[in-house]
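Data first, discussion second: the structure below is written as structure tokens.
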Amino acid sequence: MFRVRFSDEEWTTLQEQANAAGMTMSALIRDHLGRVSIRNRKDERQRLIRLNRINTRYGLANPTDPDRARTVSSPGHELKRIAEALRQGQEPPET
């Protein structure tokens with residue numbers, strides 16, 4: 001058994017959604033629980049840090065920079081190296 005507290009407003013919304021779907025409230029909640037994905041926030045933070053490093057490295061934050069084309073020689077190669085390191089469970093190389 002699982003107990004959850006809802007505000008009056010949440011309870012009313014839940015009742016309306018269940019009625020509209022032709023389901024009981026319990027069935028509606030069980031159905032929605034199967035669609036919830038739990039994310040590891042620490043992993044998400046590390047992923048964002050890595051993406052920001054790539055963004056900084058290739059000047060994607062400032063596309064009007066005239067030197068951008070000269071400083072970016074092969075982003076594809078470095079992205080492949082990073083992807084391979086991540087696939088192997090290693091820390092990606094600094095770019």
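Within the option set G89, G76, being assigned to a loop (DSSP other than H, G, I, E, B) and modelled with pLDDT of 70 or more holds for one residue only, G89.
When residues in segment 31-45 are screened for being assigned to a helix (DSSP H, G or I) and basic (K, R), 3 of them pass. One residue alone among L28, L48, L14 is assigned to a helix (DSSP H, G or I) and within 30 Å of P93 (Cα to Cα), and that residue is L48. Checking the structure you have, find out if any residue of segment 33-44 is at pLDDT 80 or above, surrounded by 10 or more Cβ atoms within 10 Å (Cβ to Cβ) and within 19 Å of the chain's Cα centre (by Cα). There is at least one residue in segment 33-44 that is at pLDDT 80 or above, surrounded by 10 or more Cβ atoms within 10 Å (Cβ to Cβ) and within 19 Å of the chain's Cα centre (by Cα).
The values are calculated or read from the model by the stated rules, or taken from the named source; none is laboratory data. Here the structure is a predicted model, which is why all the values come from computation and not from measurement. As a convention, Cβ positions derive from the backbone with ideal geometry for all residues, glycine included, and neighbour counts pool all protein chains shown.
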